[in-house]
Amino acid sequence: MLVAGIDVGSAAAKSVVYDAAQRVVLGVGVLPTGWNPREAGEGALCAALDASGAVRDDLCLVVGTGYGRISLPSIDRKVTEITCHARGAAHLFPGASTVLDVGGQDSKLIAIEQGGAVRDFVMNDKCAAGTGRFLQVMTGVLGMTLDELGDAALRGEGVRLNSMCAVFAETEVIGLLAQGVPPEDIAAGVVRSVASRLKALTGRIPLAAPCVFTGGLATNPAFARLFSEVLDVVMVVPDLPQAAGALGAALIAADTARRGAVASPEATR
């Protein structure tokens, strides 16, 4: 009884093939989203199927999530990423209380119940500050990859950035470089400024340990360490943090398959 989850985000498309009977992940696929979310989602699913040794006809149910879920063909259900990230994180870390997901275009703080039910959530989706997009802009100015930015930030002292607007911060960073400020100090300031922006989310939902850190940034241990310091919370990172939402979607598909029913309405959370 094989099922799959597909999570199409702004930066990457992820898919998980899951055996609902044996309760085990069989394959994972991750691809850049690029300009075509539909193609990226299908490509991620094909990669996960290849890794699992299965074919599309072996799947009895497919659940889509992420901002690009509306573009996915031939899926049986669409569920919001809030629900899927909560479910995936709770499966990976059963004792988790909160989930912090930093994506390309938004960041989310989710309070979860035992079993992965969503108790509450808050999002930053109105501004690039506090998202992966802000860091991508800064890597371009500093001439670093995202991984290099995180590693440099661990070595730096951390200069204060006065602006959190991506446009103005870019100008500020260029000015700091012109003044001879070491790039690693600027990198530390950039990452800590993002963490400070994320801290604003905790006004409504207090961080509780352990907090599961998901999303592309979580693939680099440097970001988890720096965010933990600024947010003052113990963070745990899954082996495949980018795929937590896709895993949650696959688990929801497995639940539905076990019930022997396909639900078509989109989840409200």
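The values are calculated or read from the model by the stated rules, or taken from the named source; none is laboratory data. Since the model is a prediction, treat every value here as computed from it, not as a measurement. For neighbour counting, all protein chains shown are included, and Cβ atoms are generated from backbone atoms with ideal geometry for every residue, glycine included. Side chains included, ligands, DNA and RNA excluded: accessible areas come from the protein's heavy atoms. Shrake-Rupley method; radii C 1.70, N 1.55, O 1.52, S 1.80 Å.
Residues in the range 192-232 near a label at residue 105, defined as backbone nitrogen under 19 Å from the 7 Å Cα→Cβ point?
It comes to 215-217, nothing else.
Could you tell me the ratio Rg/Rh of the range 142-269? Both radii from Cα atoms, Rh via Kirkwood.
My calculation puts Rg/Rh at 1.11.
I'd like to know how the range 156-210 sits against the 2.2 N^0.38 Å rule of thumb: what's its Cα Rg over that expected value?
Against the empirical 2.2 N^0.38 Å value, I get 1.32 for the range 156-210.
Compute the distance from the alpha-carbon center of the range 67-146 to that of the range 199-251, in whole Å.
Between the Cα centre of the range 67-146 and that of the range 199-251, the gap is 9 Å.
What net charge do the residues around residue 102 carry, taking every other residue with its C-beta under 11 Å from that of residue 102, with Lys and Arg at +1 and Asp and Glu at -1?
Result for the local shell: +1.
For n ≥ 4 DSSP H runs only, could you compute -39500 (n - 2.57) per run for the chain, divide by its residues and tell me the 222 nm figure to the nearest 500?
For the chain, the value works out to -12500 deg cm²/dmol.
Quick one: helix 37-52 against the long Cα principal axis of the chain, what's the angle to the nearest 10°, folded into 0 to 90?
Between helix and principal axis, roughly 70 degrees.
Show me the GluC sites (Glu not before Pro) within the range 165-269 that DSSP assigns to loop and that have at most 14 other Cβ atoms within 10 Å of their Cβ.
Counting only loop positions with at most 14 other Cβ atoms within 10 Å, the GluC sites (Glu not before Pro) in the range 165-269 are 266.
Give me the angle, in degrees from 0 to 90, between the Cα long axis of helix 81-92 and the longest principal axis of the Cα atoms of the chain, rounded to the nearest 10.
Compared with the principal axis, the helix lies near 80 degrees.
Of 79, 24, 230, which has the largest mean-square fluctuation in a 10 Å C-alpha GNM of the chain?
Ranking 79, 24, 230 by mean-square fluctuation puts 24 first.
Over the range 1-96, what per residue volume does the convex hull of the Cα atoms give, in whole Å³?
Cα convex hull per residue, to the nearest whole number: 89 Å³.
In nm, give the distance between the simple-model label positions of residue 225 and residue 167, each being 7 Å from the Cα along the Cα-to-Cβ direction.
3.6
How far apart, in nm, are two points set 7 Å out from the Cα along the Cα-to-Cβ line at residue 23 and at residue 127?
It is 4.4 nm.
Would you please state the base-10 log of I(q)/I(0) at q = 0.10, 0.13, 0.14 1/Å for the chain, with intensities from the Debye formula using one equal scatterer on every alpha carbon?
So the normalised log intensities are -0.49, -0.80, -0.91.
Note the full-extension length gain between residue 181 and residue 119 as 0.36 nm times their separation in residues minus their Cα-Cα distance, in nm to one decimal.
17.9 nm
Determine the per residue accessible area of the chain with all protein chains present and a 1.4 angstrom probe, expressed in square angstrom.
Result: 43 Å² of accessible area for each residue.
Quick check for you: which residues of the range 207-225 have the amide N under 19 Å from the point 7 Å beyond the Cα of residue 147 toward its beta carbon?
Residues 214-225 qualify, since their backbone N sits under 19 Å from the label point.
Restricting to the chain, what percent of DSSP beta bridges are antiparallel, rounded to 5?
65
Over the range 66-165, what percent of the accessible surface lies on carbon and sulfur atoms, probe 1.4 Å?
C and S fraction of accessible area: 47 percent.
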